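Here the structure is laid out as structure tokens; the discussion comes afterwards.
The values are calculated or read from the model by the stated rules, or taken from the named source; none is laboratory data. All values derive from a computational prediction rather than experimental measurement. Cβ: placed from backbone, ideal geometry, glycine included. Neighbour counts: every protein chain shown.
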Amino acid sequence: MENTSYFKIRVSTLVPNSPTTFDLFIQLHGRQVLYLRAGDQLKPEKIAHLDRADVFFVPEEQRQAYKAFIFGRLNDSELNAGEKASLLRESSLTLAEEIFEQPDVSRALNDSKELIEQFITFMEQEPEGMTHLVGLSSHDFYTYNHSLDVSIYSLGLGSVVGYSSEELGELGRGALFHDIGKRNVDVEIICKKGPLDDIEWAQMQKHPQFGLRLLTDYGCSEAMRACCFEHHESFLGNGYPQRLSGQEIHPMARIVAITDTYDALTTKRSYNQPMSPADALEFMKTKLAGKYDPDLLDAMYSVLFRMREAGAAS
Ligand SMILES: [Fe+2]
Ligand SMILES: [Fe+2]
């Protein structure tokens, strides 16, 4: 049997009642089985029993056809900014998952460029797009989900404080790989449900160093390395690993410090309930006061509640 490789796409990115431009496969007993041939219509009743997050498999050689389909829909005047934001996020999640499952770090780093550029282009084309995107977090705790959300929030925060597209590219990718060093932490520690003991915690706290080493080995920029190495520093100087404080911390790492905590607080974990966006920011401002750059924390308010402000201002 030939060795075809497939990539995953989410059901939610497809349009029922219109012909597909690529083949859809499903996985049965570990094998891909043809479900719908390119050109055939996807009947709503066929996918009615499926969840938004369920996936189909598309042969690798048809990746361009799927990309063109998503690109076309993102430029379709029939869709509003909210629908486009949702489509972009849903199609990016499977891509982020691929990037995080990719054992070849240089390929993962390379593939991330296109992913982040898609978000930056979308933000530039749809002024309201970011507001919709930041409201779409799935509040899921998988690494790729967390990393993608931290990246999206960071792009929002970066654009509010006036970063150029080039700087946003660095920030978006730095945020996407902020926890890349967790690849070198024992899986049992990463997946442990309860609190970590001292030895486990010491290993977990090494993930910024592990990440720095990886990103340095692969020739990443200073900004990307800083997002990874300095995202657990604290504005008051009691963070780790270097105990940097205030302006000593790279501005992009100060952004990731905020968006990383925000995502953790608003994400459902086995041991706690997620906070609402407003509660999470309030908690960071009061209980975690001093950990974050106060100006950036204020800017985070406008990222999350921009819709209201934009509505009031214009
Ligand atoms: Fe981290
Ligand atoms: Fe993180």
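Okay, here's what the table says:
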{"quantity": "Criterion violated by D51 - all others in (1) more than 22 Å from D111 (Cβ to Cβ); (2) exposed (fewer than 11 other Cβ atoms within 10 Å of the Cβ); (3) out of contact with any helix residue (DSSP H, G or I) (no Cβ under 8 Å at 6 or more places or on another chain) satisfied", "calculated": "(3)"}
{"quantity": "The stretch 21-41, residues that are in contact with a strand residue (DSSP E or B) (Cβ under 6 Å, 6 or more places away or on another chain) and closer than 23 Å to E83 by Cβ", "calculated": "F22, L24, L36, Q41"}
{"quantity": "Test set (1) touching a Leu at 6+ places or on another chain (Cβ under 9 Å); (2) away from ligand 1 (no atom under 13 Å from the Cβ) - G194 fails condition number", "calculated": "(1)"}
{"quantity": "Near pairs, Cβ below 6 angstrom, 6+ apart or cross-chain, from the stretch 70-92 (surrounded by 18 or more Cβ atoms within 10 Å (Cβ to Cβ)) to any residue that is of a type in the set (K, R)", "calculated": "L74/K84; L87/R73; E90/R10"}
{"quantity": "Search result, residues across the stretch 249-286 that are surrounded by fewer than 20 Cβ atoms within 10 Å (Cβ to Cβ), under 19 Å from F177 (Cα atoms) and away from ligand 2 (no atom under 13 Å from the Cβ)", "calculated": "P251"}
{"quantity": "Q62, sole failed condition from (1) assigned to a helix (DSSP H, G or I); (2) more than 27 Å from S147 (Cβ to Cβ)", "calculated": "(2)"}
{"quantity": "Residue within the stretch 253-269 that is away from ligand 1 (no atom under 15 Å from the Cβ) and either over 23 Å from L136 (Cβ atoms) or in contact with a strand residue (DSSP E or B) (Cβ under 7 Å, 6 or more places away or on another chain) (or both) present", "calculated": "no"}
{"quantity": "Qualifying residue in the stretch 135-157 (condition: over 17 Å from the mean Cα position of the chain (by Cα) and assigned by TED's automatic domain parsing to the domain that holds R213)", "calculated": "no"}
{"quantity": "Test: residue in the stretch 270-291 that is in contact (Cβ under 8 Å) with a residue 24 or more places away in the chain, under 19 Å from the mean Cα position of the chain (by Cα) and more than 15 Å from ligand 1 (Cβ to nearest atom)", "calculated": "yes"}
{"quantity": "Which numbered condition Y153 fails, given (1) under 18 Å from P251 (Cβ atoms); (2) within 16 Å of ligand 2 (Cβ to nearest atom); (3) out of contact with any Asp or Glu (no Cβ under 8 Å at 6 or more places or on another chain); (4) not acidic (D, E)", "calculated": "(3)"}
{"quantity": "Given (1) closer than 22 Å to D111 by Cβ; (2) in a strand (DSSP E or B), number of the condition Q27 does not satisfy", "calculated": "(1)"}
{"quantity": "Residues being among the aliphatic types (A, V, I, L, M) and either assigned to a loop (DSSP other than H, G, I, E, B) or not assigned by TED's automatic domain parsing to the domain that holds A202 (or both) - total across the stretch 236-288", "calculated": "5"}
{"quantity": "In the stretch 103-139, residue modelled with the lowest pLDDT [restricted to those that are among the charged types (D, E, K, R) and surrounded by 15 or more Cβ atoms within 10 Å (Cβ to Cβ)]", "calculated": "E128"}
{"quantity": "Breaking point among (1) surrounded by fewer than 23 Cβ atoms within 10 Å (Cβ to Cβ); (2) of a type outside the set (D, E); (3) within 13 Å of ligand 1 (Cβ to nearest atom); (4) closer than 30 Å to E117 by Cβ, for K206", "calculated": "(4)"}
